[in-house]
Amino acid sequence: MAEPILKVENLKKYFPLKRGLLDSLRGKPGKFVHAVDGVNFEIYKQQVFALVGESGCGKSTTGRLIVKLLEPTDGRIYLEGQDVTTITTKEEVLAYRRKVQMIFQDPFASLNPRFRIFDVLEEPLLIHGIGETRAEREELIYRALEMVKVTPPEDYISRFPHMLSGGQRQRVAIARALILNPEFIVADEPVSMLDVSIRAEILELMKELKEKMGVTYLYITHDMSTARYFADWMAVMYLGRIVEIGPAKRLIDNPLHPYTRALLAAVPEPKPERRNIIKELPIKGEVPSAVDIPSGCRFHPRCIYAQKGLCDVKQPQLIEYEHNHWAECHLVGKY
Amino acid sequence: MTKNVLEVKNLKMYYFTTKGVVKAVDDLTFNLKKGEVMGLAGESGCGKSSLGFTLMGMPTPPGKIVEGSIKIEGREIVGLPDDVLRKEIRWEKISMIFQGAMNALNPVYTVGYQMTEPLIYHKGMGEEEALDRAQRYLELVGLDPEIVYRYPHELSGGMKQRVVIAMALLMEPSVVIADEPTTALDVIVQAQIINLMKRLKKELGLSMIFITHDLSILAEISDRIAIMYAGKIVEIGDSEKVYYEPAHPYTQKLLAAIPRLHEDVDRLEFIPGQPPNLIEPPKGCRFHPRCPYVMQVCKEQEPELKEVDKDHYAACWLL
Amino acid sequence: MRWVDLKDSLKSFWSSYRRQKAGMLGLILLLLLIFVAIAAPWLTSPNVPKVWQVGNPLAPRNAPPTWINAFSHYKQSPHEVISLSNYFVGENKSMGYTIYKFKIQYPFKYDYPPKDIVFTGLNSTAQNPTEAPTMSMIIERPHEPGVKTEEMRIFSDVQIPAGAVIQVASLPAAKASVLVWLAENGVYKLNIPPGVPPDMISYLIMQNQTLFGYMSSMDIMWVIFQRIVDEKGHLYPLHDVLFHQTPRALEGTYTLYVTIKAPSNVKVDYSNAKLIMVGRTYGFMGTDQMGRDIWADLVWGVRVSLYIGLAVAITSVLVGVLYGVTSAYLGGWADEALQRFNEFMASMPIFPILILLGMYFGGHITINLLIGLLVLFGWMGTAKVARSMALQIKEQTYIEAAKALGASTWRVVFRHIVPQLLPYAFASIAISVPGAILSEAGLSFLGLGDPTAVTWGQMLNAAQQNNATLNGYWWQVLPPGLAIALVGFVFVLIGVSLDTVLNPKLKRS
């Protein structure tokens, strides 16, 4: 297989918890939220890699680490073989940002309410010094708006975000990311705030742009159904770690990890004949805090198959159980 | 035949804003039978949440009920003075599980205080009796009754949602309105809450209106489904009929837009354009600017709800 | 931050602000105040600040406003300035002299006569005192039954060197003349040997012990403007006439004949010459203990007070917003340090410190120094609010988006954060103006302000020194007090409306 465009190695991000004055005077050791705790994956060119999990599992933090909105505590991120965790100069960071862009979840919040659409799209051009004159920049902005099908552009450039529908706003946000011609886009729940009827439209648009512009996506979502539809690869995260990783369809049709199974069982399906059946959810308890990570397998307190003396003691490793299909569980095939 | 607990007839609720009159709920007629769950679906801004608050007799200002009737167990509530509504109707006859339950609880009072306060002050119940009842209902929604002594921030999102559900059931209302009770919850918690509501429906014979934009969730619980578009019901009927034989193009498109977990779909459908402005809705059928099957008559005359099948109605000129 | 940001935010702000009735009232009042502040030199006179320092010797002191006559039983004559040039009736030349004649009609309908008649402002090209013009004045009283001569010579041929001021009430020659007139009308008997020239008559009076004694203490203004005959046609006794024991003023039109005589080679310029009827009431708002016109001071006070208020408000809000945004944006230890410094400043007892500083500067503090001090102690509140707003904005996704695009700190702060704070800054400015004006007034009242500046606080300070409240000089206390209240009211109207417009929680749809 070809070289991956993006490679993440043992990525970690711990957020320090604020200590009280008394505690820090007593010299108590600081506590950390283990948001991302040793994550490895590779993403191939022009593919969609979905990162799936519940809120607080670290999927968004991983995305922000990749676009360098956060600095990792440990680990490496390689873009086209180059380690980007070590770059520090302004020029290098700017050059990196031209290659890696982000689309945010809430199109109502990701556009400055006081910016006209023109200003929104001009900002990346100004920051990167693209387009010498206003006319040149306008040309680029028109092209970007046409690409995301906000047409005719002249009707929209002088509007404010609140004068646009949710779908149009997300298109503008996509145009803002694409205007820099990036190679890699981190899309953080790009459709979860949108209505069903628009969701499909945005996903279609993102697919189309993938073909046309050759971009690669990291698609962060909690929604397994859209991930199956949109993604080539899928990784399931739980408490800061990837517990299962594999081709999207394979992973959904044949989940290996008990957590993946629980997640899939919980997905509602539009089948009204099952309305009176109470679904079996193969999981117990609630997500523990990311401050005090359970020992051994971090899923064991919620796992209905957990074996005493094994799961609560020994940390499992990601093992390839099928071709390209990995899981981090002691009991794959044994429960 | 089971009797109707809720009868809504020609209900109109308009928002009188400075920009114009927003026809958020425009001429709705439907009934809810005892022990039945009716799902109400539609895109954001179609008026489904407005309808929820209107049924509670408290349209969000500047909204006003312009016309129509809402009967709960045969009693007309439109036009009742506010203090009567507060004392005799709200929570006692009809209650609501709010959208964004996380914020529905006051962080400075214990769960028990918040649950018993209306019982003590509005119903004149003794403190012990009220606390006892609160604990009974917390147990019913699968929580430890000792939670009455806890503060909201000590509870997880799912637990808070359960508390809010218990509060809505506390006065044993005839009708419960659940307004997006599972949005903002994680998939697993959402599934647990839906399981809980299914159980309550079975055990208590709950009559419920379940409002959400998510047709998959709706399918999990609803006996009947009403699809709203631009302030109107465009299709209503038995949920299996609506899901498997959708009659209205809007319903068809909406269902085709849902990605399936275990099926491969080549291309998802979507509905081009956006929902209309409710100040000046399009003439004729309100869906006609986005409809792929639009005809001349659609642009001129508004279709009425027609019976497509037994207990399955749709408002479309194609039928 | 660009001009369009400002324009857009102002435009949308104005469209919602104009719906606020109270706010519009406040705005109209503010525009009026600004107009008054700008037009002060034309509305009053440009030398008000100078008069403030030296006082006005030609105006009555502690005179109440004229309109109180409408409410009191006894009417007191108002202060009037008569420009002589308007009453020029002709000139003639004789024996190498030129004589300029003026005739002035003075309608008198009060119970109390003017305090004095003052002549001033005559210029001439005279080189030495012998060439200086001389002046004479005759007053023709209205007809009074039983009085033989209505014409009353006040003085004759008094020399007027350049810049001279003639105050009739204290002019010995005038007193003598009035006594002569009384004798002529038989109020008392004066033996005048026949053929004695008029100047000698004055000399005769001064020889008379009793009359000479009267001269030092008599008030000739009362003699000129009152009746000397009672209802029954009897003349009042001399003592009663001289010391205003007679009950009634003589109402009617008085005619003043003024003649100026100068050698023909000397040019006389009477264009600025004025006859001042020094009133017992003065203008629209009366005077203070230095004869300063309260109305003029009040109008000039708008100028200085608004300047102080706006300068302090704008500067401290600007400082506060920048401080707050910097603090929020830097975060971490810098934020912590900046916040502790803010709290340190906020916990300072501002007024006592200002008083100490005022005393340190020995009452010679200047307006701009005062503004500086008020700003120094006035930015903390804004900084707190600006910081918390900036913290909120900083967490917005669009800020994250801008950073992901590669936006620099400068860009994030000035393109994304500061423009959002503009509306708050406007409201904050409006709300903090009255506070600044009050602080200045407070300091000035305590005598710690700039004594050369015409401010309402200084006016109150003057009234305080004059024991105005004890003496019942209410016109010295109320106008500046009410003016401060008015400005406070105006800015509260504006501030409250701004709050309604800018705070979405209070907004009604």
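The values are calculated or read from the model by the stated rules, or taken from the named source; none is laboratory data. Only a predicted model underlies this, so the values are computations on that prediction, with no experimental measurement involved. Neighbour counts are summed over all protein chains in view; Cβ atoms, including those assigned to glycine, are modelled from backbone coordinates with ideal geometry. Please note that ligands, DNA and RNA were not included when accessible areas were found on the heavy atoms of the full protein model with its side chains. Shrake-Rupley method; radii C 1.70, N 1.55, O 1.52, S 1.80 Å.
The residues packed around C:Val477, meaning those with a beta-carbon under 14 Å from its beta-carbon, carry a net charge of -2 if Lys and Arg are +1 and Asp and Glu are -1.
Accessible area of the stretch C:173-256 with a 1.4 Å probe: how many percent of it is carbon plus sulfur? Can you show the working numbers first?
On the way: 2240 of 4190 Å².
Within the stretch C:173-256, the accessible surface is 54 percent carbon and sulfur.
Remark: mean inter-chain Cβ contacts per residue of A:274-280 equal 5, using a 10 Å Cβ-Cβ cutoff to other protein chain atoms. Pairs exceeding 24 Å between alpha-carbon atoms, taken from B:Lys64/B:Lys87; A:Lys149/A:Lys207; A:Lys13/A:Lys314; A:Lys279/B:Lys71: A:Lys279/B:Lys71.
To the nearest hundred square angstrom, how large is the accessible surface buried between B and A, total for both chains, probe 1.4 angstrom? Could you put the intermediate results ahead of the total?
Working: alone 15740 and 16820 Å², together 28420 Å².
For B against A, buried area totals roughly 4100 Å².
Do any of A:Lys68/A:Lys212; B:Lys9/B:Lys202; A:Lys7/A:Lys45; C:Lys148/C:Lys189; B:Lys33/B:Lys201; B:Lys232/B:Lys253 go past 19 Å between their Cα atoms, and which? Result: A:Lys68/A:Lys212; B:Lys9/B:Lys202 exceed 19 Å.
Taking amide hydrogens as placed 1.01 Å from N in the peptide plane, the amide H of A:Thr216 sits under 5 Å from those of A:Gln46, A:Phe184, A:Ile185, each at least 5 positions away in sequence or on another chain.
Hey, what's the stretch C:95-252 come to in accessible area per residue, 1.4 Å probe, Å²?
Values: 7760 Å² over 158 residues.
In whole numbers, the stretch C:95-252 has 49 Å² accessible per residue.
Computed from phi, the 3J(HN,Hα) profile of the stretch B:27-32 under the Karplus parametrisation 6.51, -1.76, 1.60 (θ = phi - 60°) reads 6, 9, 9, 6, 10, 10 Hz, with x in place of Gly and Pro. Roughly how many whole Å is it from the C-alpha centroid of the stretch A:6-82 to that of the stretch B:184-212? The stretch A:6-82 and the stretch B:184-212 have Cα centres spaced 35 Å from each other.
The lysines whose alpha-carbon is closer than 20 Å to the alpha-carbon of C:Lys267, local same-chain residues fewer than 8 away aside, are C:Lys93, C:Lys101.
Overall, the accessible surface of the stretch B:112-229 at a probe of 1.4 angstrom is composed of carbon and sulfur to the extent of 47 percent.
Of A:Lys59/C:Lys384; B:Lys3/B:Lys48; A:Lys28/C:Lys403, which pairs sit farther than 32 Å apart, going by alpha carbon to alpha carbon?
Working: A:Lys59/C:Lys384 35 Å; B:Lys3/B:Lys48 24 Å; A:Lys28/C:Lys403 35 Å.
Long pairs (Cα-Cα over 32 Å): A:Lys59/C:Lys384; A:Lys28/C:Lys403.
Take the Cα of A:Lys308, step 7 Å toward its Cβ, do the same at A:Val291, and the gap between the two points is 2.9 nm. Report note on the peptides A:243-250, B:82-89, B:64-71: ranked by the mean count of other C-beta atoms within 10 Å, highest first, their order is A:243-250, B:64-71, B:82-89. Proximity of backbone amide H atoms, modeled 1.01 Å from N, is registered between B:Phe210 and B:Met38, B:Gly39, B:Leu40, B:Ala178 at under 5 Å, excluding neighbours fewer than 5 places apart on the same chain. For the stretch A:164-175, 3J(HN,Hα) computed residue by residue from phi via the Karplus equation (6.51, -1.76, 1.60; θ = phi - 60°) reads 10, 7, x, x, 5, 4, 5, 5, 4, 5, 5, 4 Hz, glycine and proline entered as x.
With both partners inside chain B, how many of the DSSP beta bridges are antiparallel, as a percent to the nearest 5? Please list the in-between numbers first.
On the way: 33 of 52 bridges.
Within chain B, antiparallel bridges account for around 65 percent of the total.
As a test of the formula, what do you get for chain B when each DSSP H run with n ≥ 4 contributes -39,500 (n - 2.57) and the sum is divided by the residue count, at 222 nm and rounded to the nearest 500 deg cm²/dmol?
Value at 222 nm, helices only, nearest 500: -8500 deg cm²/dmol.
For B:Lys241, a cut-off of 14 angstrom between C-alpha atoms picks up these aspartates and glutamates, skipping any fewer than 8 places away in its own chain: A:Glu273, B:Asp223, B:Glu307, B:Asp309, B:Asp311. Packing around the peptides B:73-79, C:155-161, taken as the average count of other Cβ atoms within 10 Å per residue, puts them in this order, highest first: C:155-161, B:73-79. Close amide H partners of B:Tyr229, meaning residues 5 or more places away or on another chain with modelled amide H under 5 Å apart, are B:Val234. Buried on complex formation within the stretch A:187-201 (loss of at least 10 square angstrom of accessible surface versus the isolated chain, 1.4 Å probe, ligands and nucleic acids ignored): A:Asp195, A:Val196, A:Ser197, A:Ile198, A:Arg199, A:Ala200, A:Glu201. Packing, as the average of other Cβ atoms within 10 Å across residues, places the peptides A:93-106, A:227-240 in the order A:227-240, A:93-106, highest first.
Tell me the net charge near B:Ala24. Cut-off is 11 Å between Cβ atoms, B:Ala24 excluded, with +1 for each Lys or Arg and -1 for each Asp or Glu. Walk me through the intermediate numbers first.
Values: positive: B:Lys12, B:Lys23, B:Lys48, B:Lys64, B:Lys232; negative: B:Asp26.
Spelling it out: positives minus negatives among the neighbours equals +4.
Of all DSSP beta bridges located in the stretch B:171-319, what percent are antiparallel, nearest 5? Mind showing how you got there, number by number?
Numbers: 12 of 17 bridges.
Antiparallel: roughly 70 percent of the beta bridges in the stretch B:171-319.
Rounded to the nearest whole Hz, the Karplus-based 3J(HN,Hα) values (6.51 cos²θ - 1.76 cosθ + 1.60, θ = phi - 60°) of the stretch A:48-55 follow the sequence 10, 10, 9, 10, 10, x, 7, 5, with x at glycine and proline. Interface residues of the stretch B:250-285, defined as those losing at least 50 Å² of solvent-accessible heavy-atom surface relative to the isolated chain (probe radius 1.4 Å), are listed as B:Pro259, B:Arg260, B:Leu261, B:His262, B:Asp264, B:Leu268, B:Phe270, B:Gln274. Excluding ligands, DNA and RNA, the accessible surface per residue across the stretch C:331-441 is 44 Å² with a 1.4 Å probe. The residues of the stretch A:109-133 occluded by other protein chains by 50 Å² or more of accessible area, set against the chain on its own, are A:Ala109, A:Asn112, A:Arg114, A:Phe115, A:Glu123, A:Ile127; surface from heavy atoms, 1.4 Å probe. For chain A, with all protein chains in place and a probe radius of 1.4 Å, 51% of the accessible heavy-atom surface sits on carbon or sulfur. FRET efficiency for C:Tyr74 and B:Asp83, Cβ-Cβ distance as r, R0 = 56 Å, nearest 0.05? For R0 = 56 Å, the calculated efficiency reads 0.30. Other residues within the sphere of radius under 15 Å centred on the Cβ of B:Leu11, judged by their own Cβ, net out at +2 (K and R +1, D and E -1). Candidate cross-link partners of C:Lys175 among the aspartates and glutamates, defined by an alpha-carbon separation under 13 Å and a same-chain spacing of 8 or more, comprise C:Asp116, C:Asp199, C:Asp219.
Antiparallel versus total DSSP beta bridges in the protein assembly as shown: what percent is that, nearest 5?
75 percent
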